[in-house]
Amino acid sequence: MINWKALIFLPILFMYGCADQVSERHGTDIDVFPVTFSIQLVKSKKAEVKLSAFIDIHESEMKNHGVDIQWFNNKGKKWANELNKKLISSGIDKKVIVIHQGKKATSHFDMKVSLITPKVVVSHCEYATHYNIGTKADGCFTENARWSSMVNPQKMLLDTTNLVPKAGE
């Protein structure tokens with residue numbers, strides 16, 4: 001007597017054995033580090049040139065991530081307010097510019113300008129060869145380029161501060 005269940009199951013088993021096995025796709029490994037750029041100056045003509053060069057180099061980061069201006073004395077306060085007006089006129093939103101007084105005892109400078117930007121470090125991609133097709137992660141170069149080109153990569157990461165339950169919850 002023919003077993004009908006085996007007759008139906010046998011062709012399915014043979015078709016599955018011929019199917020291509022696709023490995024599970026893993027995303028790229030990334031690390032995002034905060035990088036701080038800062039300059040501390042005593043007001044002079046030479047310092048004005050250095051400050052202008054610093055702003056020219058980091059203008060796009062200032063527009064995207066903001067800038068922190070600390071002043072340490074009255075001369076620095078006046079200079080910081082002038083810089084604030086200059087940055088606003090150059091197109092930087094006044095909401096991302098923070099001006100505050102620093103501790104005079106910790107600095108002999110008039111003013112400090114600093115900004116923090118995220119730096120993305122991506123994993124190394126290995127080239128596919130005919131020996132390892134289907135075993136390596138596909139799209140590694142594309143994923144790495146996508147992460148490296150992001151303006152605010154830290155916004156794409158999971159915010160772990162909300163995962164910790166607060167006392168009484």
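Can you tell me which residue in segment 53-81 is most open to solvent (accessible area, probe 1.4 Å), limited to those that are closer than 23 Å to Thr117 by Cβ and more than 25 Å from the chain's Cα centre (by Cα)? If we take residues in segment 53-81 being closer than 23 Å to Thr117 by Cβ and more than 25 Å from the chain's Cα centre (by Cα), then Trp71 is most open to solvent (accessible area, probe 1.4 Å).
For segment 61-72, name all the residues that are at pLDDT 90 or above and of a type in the set (S, T, N, Q). Hit for segment 61-72 is Gln70, nothing else. There is at least one residue in segment 40-48 that is under 12 Å from Met111 (Cα atoms), out of contact with any Asp or Glu (no Cβ under 8 Å at 6 or more places or on another chain), outside any helix (DSSP H, G or I) and touching a residue at least 60 places away in the same chain (Cβ under 8 Å). Of the residues screened, Asn84 is one that is surrounded by 17 or more Cβ atoms within 10 Å (Cβ to Cβ), without any contact (Cβ under 8 Å) to a residue 40 or more places away in the chain and either among the basic types (Lys, Arg) or more than 15 Å from Ala47 (Cα to Cα) (or both).
Of the residues that make up segment 128-138, is at least one touching a strand residue (DSSP E or B) at 6+ places or on another chain (Cβ under 9 Å) and either surrounded by 10 or more Cβ atoms within 10 Å (Cβ to Cβ) or modelled with pLDDT of 75 or more (or both)? Scanning segment 128-138 turns up no residue that is touching a strand residue (DSSP E or B) at 6+ places or on another chain (Cβ under 9 Å) and either surrounded by 10 or more Cβ atoms within 10 Å (Cβ to Cβ) or modelled with pLDDT of 75 or more (or both). Enumerate the pairs (first residue in segment 110-122 and within 18 Å of Asn152 (Cβ to Cβ); second residue anywhere and of a type in the set (Gly, Ala, Ser) and not in a strand (DSSP E or B)) with beta-carbon separation below 6 Å, excluding pairs fewer than 6 apart on the same chain, so at least 6 apart or on different chains. Listed pairs, sorted by first residue: Val120/Ser148.
The values are calculated or read from the model by the stated rules, or taken from the named source; none is laboratory data. Everything quoted here is computed from the prediction, not taken from an experiment. For neighbour counting, all protein chains shown are included, and Cβ atoms are generated from backbone atoms with ideal geometry for every residue, glycine included. These area figures cover heavy atoms from the full protein model, side chains too; ligands, DNA and RNA do not enter into them. Shrake-Rupley method; radii C 1.70, N 1.55, O 1.52, S 1.80 Å.
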